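Accompanying notes for the structure given below.
The values are calculated or read from the model by the stated rules, or taken from the named source; none is laboratory data. Here the structure is a predicted model, which is why all the values come from computation and not from measurement. Don't worry about glycine lacking a Cβ; one is built from the backbone with ideal geometry, like all the others, and counts go over all protein chains shown. In case anyone asks, the SASA skips ligands and DNA or RNA and just uses the protein heavy atoms, side chains included. Shrake-Rupley method; radii C 1.70, N 1.55, O 1.52, S 1.80 Å.
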Amino acid sequence: MAHIPATSLGSKNKKHFLGVPAPLGYVAGVGRGATGFTTRSDIGPARDANDVSDDRHAPPATKRKKKDDDDEDDEDLNDSNYDEFSGYSGSLFSKDPYDKDDAEADAIYESIDKRMDEKRKEYREKRLKEDLERYRQERPKIQQQFSDLKRNLIMVSEDEWANLPEVGDSRNKKQRNPRAEKFTPLPDSVLSRNLGGETTSTIDGRSGLASMIPGVSTPGMLTPSGDLDLRKIGQARNTLMNVKLSQVSDSVAGQTVVDPKGYLTDLQSMIPTYGGDINDIKKARLLLKSVRETNPNHPPAWIASARLEEVTGKVQMARNLIMRGCEVNPLSEDLWLEAARLQPPDTAKGVIAQAARHIPTSVRIWIKAADLETETKAKRRVFRKALEHIPNSVRLWKAAVEMENPEDAKILLSRAVECCNTSVELWLALARLETYENARKVLNKARENIPTDRQIWTTAAKLEEANGNNHMVEKIIDRALSSLSANGVEINRDQWLQEAMEAEKAGAIKCCQAIVKAVISIGIDEEDRKQTWIDDADNCAKEGAYECARAVYNFALAEFPSKKSIWLRAAYFEKNHGTRESLETLLQKAVAHCPKSEVLWLMGAKSKWLAGDVPAARGILSLAFQANPNSEDIWLAAVKLESENSEFERARRLLAKARASAPTPRVMMKSAKLEWALNNLEDALSLLEDAVKVFPDFAKLWMMKGQIEEQKKLLERAVDSYNSGLKKCPDSISLWLLLASLEEKRNLLTKARSVLERGRLKNPKNPILWLAAIRIEIRAGLKDMANTLLARALQDCPNAGELWAESIFLEARPQRKSKSVDALKKCEHDRHVLLAVSKLFWSERKIQKCRDWFNRTIKIDPDFGDAWAYFYKFELQHGTEQQQQELIERCIAAEPKHGEEWCRVSKDIANWCFKTEDVLKAVVKQLPTPI
């Protein structure tokens, strides 16, 4: 029989269904006829776990246990265990199942708590850190105070460690010494015991009770009779207590020095207030001590040591140190001054007195002594005592003079200039106090003693001017330059010009003009004179020295009488800083030297016209015609003068002559505009049709023609005019905008969009055309389309302020501030963005910020009329009448010409006679309030 391996037998007997899951619906034993049955363990208990149990038939132990559990629950859930924030100490819902919804809710609450904690974490940690640092600085730990001692423990050897006494060794040495004699205190009951009904005051030394009192067993302490007198012991104890109390009492008032209530508070003051490391203080103290001992004659070491103690709060130690330093170095004024500073005022006077005895020639010590005095009389006495020791000190003389009245000051100064004859200040001060004749003598003496100082000469010139001798001023300045040059003094042009400005501030106009005339040409090359003088005049004007600037211009015009640029600069200077009379006088001289300069003629005519002298303005323009025949600017100025004074027939005749003699596009445009303003539309159209034939590339003619046709309701002809103009002038943005606006008025939005699209193709990267397209979509109610166009526009023109300003108010209110920040980053100094930010602050009712930003906007671009209009509307709502009037005056002075809202009013033909103030008020009426 063959051998069969065990593995094959095992696999043969193994059932195929072992380890395989039962098939669906399989019930064990059904195939063998078995029937199923159910036990109590299969169906569970008869009561629900949450039902109220019936304990009537339960055993007493079970009832007691149940009652204890209920009492425990009641204790957990009663009112005494309830907290408003944390609830009951136990869980009210511990019996309920914890399902998936509860877990999800707990996770959500936990995430919210975690998020809120993270938001407050940084602030909380910063606040905690600051509080901790402040607390540690005010109350340093004991370990911080003794940190240096801990570090020094590394130097202790093992033997020293071993020999360290235990805690309390010094106090209980006798108790731990086995050889020392131990005593037991005598109880009070023994001392108060009545022996035989009698009170005794002695103890028999042989009774053994005396040995119970410390020190009494010594034979020397016993009385000759061998008895101990208890009364003497009590008296000795009282004497000892009195001695101890007297050590802590005030011998004068008999009051206790130690304040029992404030004792603990005083302990707090013992904590060092210095916030640095105590170990560093100790190191510095040791280092400075070493410096003092090595070189005791070094005053800075003593001063540094005293200041270290002062910083650490030990003022008395600082005073002691500095006084020791003064003893070692009695000739150091720094030490004495530091000592006076550290001492209280009364003591400081004594210290300064000692210093003055040791160093009688120290000016600083005498001045400190005078400062410590509170009465003027005492100060004068100190200064006079000081001048006895130091008669050549200018500083002391000046301080002493300041304390005196004018008469006594004059006497003091007379003595002062004798002692300090090289001090310019003293000579000039004396000259100011003297009469005119004496002042001249004083200044002459001053020039003899100090021949190299220019202030003496300029003071003499001012003196002559103040007394009406104007003819002497220029002579003195010329002699000054000659004398100073002869004495080797370099004539510094800038310093002399500064001296001229000072003279003007002092009211010496003739002196300043003489100085400018004398030094203006010194040290300048021939070819640089014109530009240098112009720069000098500008610098003087910036410094507010207008007379100096006027003197520079006068000298320059005398040297270059035919230079139109200098005349213009001088004219603008007079316009801004002079009077109307000075301007007209200058312009008369200007046109006499430069008759071909049209601007000078026009400025003169405008000055006369603004003054209300229309005939004089006409006379100037007629002279200008003679000097400049066929000048377009002069023709148009004459037309404006007549038309604004309602002389329309004279204006028509002037324009007719101008068209005949100088037919320029501007003359044709002004002719048509005059007829349009007078409502002669047919004549205006006729003029424009003739003009566009001669000047087809002048866009304003096409614009006016189309606008007049719009006014006459000839919309088709207006469209043709605009299209014809765009063929000739495709780069005219205004024509594209007019055509798009007309198509929008005709409700042809698609055509309006296509017009602007063609305009952008002809004029790429133009923000005005993009902005017009965006606003068409906004007016049509298509805000999403507007936002899309705005995004494309900002990609095409990323630095366009107009687009960024529009984007701010296209955002919802919460996002406007962040959008304005982005706009300012891209266009920091753009007028449109600054105006938009101002309006944003206005909408948020931040009044002062809004006013500041409006001021910034008009300062950057005073020609931007929209900013002036919004600013004025803002002041009407939130400003005072004074602020409103001031703003109107500033706007009139700036004369703005540009701005979308501004031009919409100023360019309207119905408002052609409006002045700047009228335009401002008309624009304000049309502006919406930012919301």
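Here is how the numbers come out for the structure above:
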| item | result |
| --- | --- |
| Segment 580-636: number of residues that are in a helix (DSSP H, G or I), over 22 Å from T664 (Cβ atoms) and among the small types (G, A, S) | 8 |
| Helices (runs of 4 or more DSSP H) wholly inside segment 126-199 that include at least 3 residues being modelled with pLDDT of 50 or more and surrounded by fewer than 10 Cβ atoms within 10 Å (Cβ to Cβ) | 158-162 |
| Pick from segment 359-372, criterion surrounded by fewer than 16 Cβ atoms within 10 Å (Cβ to Cβ) and assigned to a loop (DSSP other than H, G, I, E, B), ranking: modelled with the highest pLDDT | P360 |
| Some residue of segment 344-358 being in contact with a helix residue (DSSP H, G or I) (Cβ under 6 Å, 6 or more places away or on another chain), surrounded by fewer than 19 Cβ atoms within 10 Å (Cβ to Cβ) and in a loop (DSSP other than H, G, I, E, B) | no |
| Of all residues in segment 83-112 being of a type in the set (G, A, S) and open to solvent by less than 70 Å² (accessible area, probe 1.4 Å), the one that is modelled with the lowest pLDDT | G90 |
| Pick from segment 684-718, criterion part of a helix (DSSP H, G or I), among the acidic types (D, E) and open to solvent by 60 Å² or more (accessible area, probe 1.4 Å), ranking: farthest from R666 (Cα to Cα) | E716 |
| Test result for W736, of a type in the set (F, W, Y), under 21 Å from K705 (Cβ atoms) and crowded, with 20+ Cβ neighbours inside 10 Å | yes |
| Candidates S838, S741 - the one that is out of contact with any Ser or Thr (no Cβ under 7 Å at 6 or more places or on another chain) and either surrounded by 15 or more Cβ atoms within 10 Å (Cβ to Cβ) or under 26 Å from G706 (Cα atoms) (or both) | S741 |
| Test set (1) within 30 Å of C594 (Cβ to Cβ); (2) open to solvent by less than 70 Å² (accessible area, probe 1.4 Å); (3) more than 59 Å from the chain's Cα centre (by Cα) - L681 fails condition number | (1) |
| Residue in segment 586-631 that is farthest from K657 (Cα to Cα), counting only those that are hydroxyl-bearing (S, T, Y) and buried (at least 16 other Cβ atoms within 10 Å of the Cβ) | S607 |
| Enumeration of residues in segment 769-782 that are buried (at least 20 other Cβ atoms within 10 Å of the Cβ) and not small (G, A, S) | L769, W770, L771, I774, I776 |
| Scope segment 520-563; condition surrounded by 16 or more Cβ atoms within 10 Å (Cβ to Cβ), of a type in the set (S, T, Y) and more than 17 Å from N492 (Cα to Cα); matching residues | Y546, Y553 |
| Test: residue in segment 491-513 that is over 45 Å from the mean Cα position of the chain (by Cα) and surrounded by 14 or more Cβ atoms within 10 Å (Cβ to Cβ) | no |
| R851, sole failed condition from (1) more than 12 Å from L920 (Cα to Cα); (2) touching a Cys at 6+ places or on another chain (Cβ under 9 Å) | (2) |
| Residue list for segment 914-924, filter: over 12 Å from Y872 (Cα atoms), open to solvent by 40 Å² or more (accessible area, probe 1.4 Å) and under 40 Å from the mean Cα position of the chain (by Cα) | D918 |
| Test: residue in segment 468-486 that is open to solvent by 80 Å² or more (accessible area, probe 1.4 Å) and under 30 Å from V401 (Cα atoms) | no |
| Every residue from segment 879-913 that is crowded, with 16+ Cβ neighbours inside 10 Å and not in a helix (DSSP H, G or I) | G879, P896, G899 |
| Any pair with Cβ under 6 angstrom, 6 or more apart, that starts in segment 276-301 at a residue that is open to solvent by 80 Å² or more (accessible area, probe 1.4 Å) and ends at one that is not basic (K, R) | N297/N329 |
| Evaluation of L927 against (1) open to solvent by less than 20 Å² (accessible area, probe 1.4 Å); (2) aliphatic (A, V, I, L, M); (3) over 24 Å from W804 (Cβ atoms) (one fails), failing number | (3) |
| Whichever residue in segment 328-342 is touching a Pro at 6+ places or on another chain (Cβ under 7 Å) and open to solvent by 40 Å² or more (accessible area, probe 1.4 Å) and, among such residues, is nearest to V291 (Cα to Cα) | V328 |
| Boolean, S734 is small (G, A, S), within 21 Å of R746 (Cβ to Cβ) and either outside any helix (DSSP H, G or I) or in contact with a Gly (Cβ under 6 Å, 6 or more places away or on another chain) (or both) | no |
